[in-house]
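In what follows, a single structure is set out as structure tokens and then discussed.
Throughout, read-outs are computed from the coordinates displayed, never taken from laboratory work. Keep in mind it's a predicted model, so treat the numbers as computed, not measured. Glycine also receives a Cβ, built like all others from the backbone with ideal geometry; neighbour counts cover every protein chain displayed.
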Amino acid sequence: MRRMDVRGRAVRVVRFLVVVLLLAGTVPAQGDTRQDLAKIQRYIIDLQQQVWELQKRLDEQQAATRAALEDLKKQLEAYQATQTQVVQQMQVLLNEIQALKEQLRQTESYLRSRPALGAPPTGPGNTTPSEPLGGPPSTGEATKKPESKPAPDLFQIAYADYSRGQYDVAVAEFRQFIEANPKDPRVPEARYWIGECHYAKKAYLDAIVDFDNFLREYADHRLAPAAYYKKALAYLQMGRKAQAASEFRNLIRLYPDSEEAQAARSQLKQLGVEP
């Protein structure tokens, strides 16, 4: 439509010039008619050239406008895709928070309903006899006091629950052990095994936090290389390969002779990353 409009204007301009020339007496009736017509034709050709150049510029502007619109369309699509990814990541985080809340609720419910550790079991078949087996002691025989049993080892109980796959129960018991025995030399191990429980139940974010806290306080502990390795594996399970590679490198740098360092080198090779 714009091209037809430009050409129409040019034709109207040419017609107007011809009329002006005739009225002004510049077009003679006899001898110079051919010469004047030739001038008019050259003028018309010049106008047509100007019209062509204007049309060319208009086409170039339209092409540039179309290219700009196409670029804006691509940018909008990329922005929409990024926005969708952000929404999906937020939903994943919300789901993880909800799962953590549910785990906390279950743990609290379990701790409230579970009997105190070390209490004698009750119920049919578990009552404590009031007299020693074989009847009452004979006359004059001193009554023997029952021997006191050692208190149950909460660390061993927690580790046994971990071995049976009772990870939530084991986490609660390891934490009870740490709270009740803050000076026990096995406290670092209990902290480590809490991270292992979370890793085993695929709560990788919790495991990373547990192992990170362990390494911050017990970097010289014999389980430190294992904590680094499991922390890196947790990142790998979450799809964060760059962070996993960084943790593998830290392990190799800090504990180069450990078995975990050798395993870390193998993991980096599989990832196609230089140690």
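Based on the Cα gyration tensor of region 154-271, what are the three equivalent ellipsoid semi-axes, each the root of five times an eigenvalue, rounded to whole Å and given largest first? It would help to have the intermediate numbers written out before the result.
On the way: eigenvalues 130, 50, 24 Å².
The answer is 26, 16, 11 Å, longest axis first.
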Average Cα contact separation per residue, region 203-275, under 8 Å, 6 or more apart, as relative contact order %
25
Over region 154-271, calculate the relative contact order: mean separation of alpha carbon pairs under 8 Å at least 6 apart, over the residue count, as a percent.
16
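Beta carbons within 10 angstrom, averaged per residue: use that to sort the peptides 248-259, 46-57, highest first. All intermediate terms of the calculation are to be shown ahead of the outcome.
Values: 248-259: 16.6, 46-57: 12.8.
Ranked from most to least packed, the peptides come out as 248-259, 46-57.
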Protection proxy ranking of 67-75, 171-179, 155-163 - average other beta-carbon atoms within 10 Å, highest first
171-179, 155-163, 67-75
